[in-house]
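The values are calculated or read from the model by the stated rules, or taken from the named source; none is laboratory data. Everything quoted here is computed from the prediction, not taken from an experiment. Reconstructed Cβ throughout: ideal geometry from the backbone, glycine too, with neighbour counts over all protein chains shown. SASA here: full protein model, heavy atoms, side chains in, ligands and nucleic acids out. Shrake-Rupley method; radii C 1.70, N 1.55, O 1.52, S 1.80 Å.
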Amino acid sequence: MKKFLRVLFLCFLPFAVAGLAAANGTKDSSGTIKVGGILPLSGAVAVYGNQSKMGVELAIAEINAAGGINGKKLEFICEDDEGNPDKTVNAFKKLTVKDGVKFIIGSCTSGCTKAITTLAQAQKVIIITPSATNYNITDAGNYIFRACFIDPFQGIVGAKFAFNTLRVKKAAVLYDVGNDYCAGLQDNFQKAFKSYGGEIVAVESYATGDKDFNAQLTKIKNASPELIYIPDYYGTVALIAKQLRAQGINCPLLGGDGWDGLESNAGDEVLNGYYSNHFTADSSDPAVKRFVKAFTEKNGKAPNSFAALGYDCLSLYKDAILKAKSVDPAAVCAAMEATDGAYITGHLTFDKHHDPQKSAVILEMVKGPDGKLTTAYKATVNP
């Protein structure tokens, strides 16, 4: 009987080891470390997801070419959530149940990311979102991180720039009342702008998916603002900008990082427009210049901030796994909390909420030498 039990134990040992490896986010048979991605690769905000994916893939290619992490290559399994929270949840379940992933990058928007944070915390799956800026994203627990600054800071950055740099004293706000991202930015912009001594002369809202903003813009025009704050994603901003310019509203426009990608989806109507962002390809920092060169050569296009944030997310995982000398999620989580280093989007440390402490940049919409719409660095705003 003892001999039989010993044989039985030896037969099942490989399966037990494989199961333990899968639980730790590794695949024993191939010696890889699996990283999941949940990103909007199609749909209304596909620019964000595809740029983030290309940033992650560049980081993985560089790490694997250098021998991997502790001798193990990285494997990236990316799912498209189309910017839909229900599909984000489905993607999370697929990655964690079928693929055994314990490290996830995603999603890009606040609503989608919020849909999976409680699940991730309960299952001890680490999530790093590249760009979900809503302030309560990380409230779910200690396994949730982000590489981007948060809405309160971004709203304050916009207000500070408007009041101190553009010398604006009267501002109007137009935002999507049903979008957490938009609501968070506008609320913090208003509070900060008033605290500096500015006046909010009009606040108008609309519903997600609206195409006609003329009624709201007429009210805003009658209030005679010196600036309009529009904290939404690039597709909606392009529609709003076209309609407000058609009404003869020529004041500066200001927004948040959701504007990234606007240069490929709008025209001259967004000139005299500014937005807060995480990164500028114009930086003179040697690490940023190397990243921009490598990304452009690999993808045939320059990176935007979502690419830089995706790259940083993977770099954060790499550094934490190296520091932990383990792929155990608890150990990696603890190592990531102690992050203190230079990344593509700036020097980064995490506060007690796992929100990064770092600077923001302001970009201006301009015409490039080729006559095409592009962005130019305007200012840096520190925490």
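Quick rundown of the values:
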item: Net charge contributed by nearby residues that have their C-beta within less than 11 Å of K53 (K/R +1, D/E -1); result: -3
item: ³J(HN,Hα), Karplus 6.51/-1.76/1.60, whole Hz, each residue of the range 138-146, x for Gly, Pro; result: 8, 5, 5, x, 7, 8, 10, 10, 9
item: Accessible solvent surface per residue of the range 204-277, calculated while the other protein chains remain in place, 1.4 angstrom probe, Å²; result: 36
item: Solvent-accessible area, 1.4 Å probe, carbon plus sulfur percent, for the range 214-311; result: 50
item: Protection-proxy order for peptides 367-373, 318-324, 205-211, 133-139, each taking the mean of Cβ atoms within 10 Å per residue, highest first; result: 133-139, 318-324, 205-211, 367-373
item: Pairwise centroid distance, computed over Cα atoms, of the range 288-304 with the range 80-114, Å; result: 26
item: Ellipsoid semi-axes in whole angstrom, largest first, where each is sqrt(5λ) of the Cα gyration tensor of the range 102-232; result: 32, 17, 9
item: R0 of 25 Å, Cβ-Cβ distance V366-E297: FRET efficiency to nearest 0.05; result: 0.50
item: 3J(HN,Hα) from dihedral phi, the range 296-302, Karplus parametrisation 6.51/-1.76/1.60, rounded to Hz, x for glycine, proline; result: 5, 5, 6, 10, x, 8, 6
item: Prolate/oblate/rounded label for the range 231-292 (Cα gyration tensor, a/c 1.5); result: prolate
item: Three-way shape label, the range 108-168, alpha-carbon gyration tensor, a/c 1.5; result: prolate
item: Theoretical gain in end-to-end length, A66 to T118 [0.36 nm per residue, Cα-Cα removed]; result: 15.2 nm
item: Cα pair distances in the range 198-328, grouped into 5 Å bins until the bin that holds the longest one, percent each; result: 2, 9, 16, 17, 14, 11, 9, 8, 7, 4, 2, 1, 0
item: Normalised convex hull volume, the range 34-77, alpha-carbon set, Å³ per residue; result: 51
item: The range 253-347: C-alpha gyration tensor shape, a/c 1.5 cut-off, then a/b vs b/c; result: prolate
item: Karplus (6.51, -1.76, 1.60) ³J(HN,Hα), θ = phi - 60°, over the range 361-376, in Hz, Gly and Pro reported as x; result: 10, 10, 10, 10, 7, 9, 8, x, x, 8, x, 8, 5, 8, 10, 9
item: Simple label model, 7 Å out from Cα along Cβ direction - A334 to A379, nm; result: 4.4
item: Debye, to nearest 20: dipole size of the chain, +1 on Lys, Arg Cβ, -1 on Asp, Glu Cβ; result: 1040
item: Rg and Dmax of the range 72-151, Cα atoms only, in Å; result: 11.6, 37
item: Where Rh is the Kirkwood radius over Cα pairs, Rg/Rh for the chain; result: 1.04
item: Accessible surface, per residue, of the range 281-328 when the full set of protein chains is kept, probe 1.4 Å, Å²; result: 45
item: Relative pair counts by distance (%), Cα atoms of the range 310-365, 10 Å bins; result: 23, 50, 20, 6, 1
item: Order by protection proxy (mean Cβ within 10 Å, highest first), peptides 34-47, 343-356, 190-203, 103-116; result: 103-116, 34-47, 343-356, 190-203
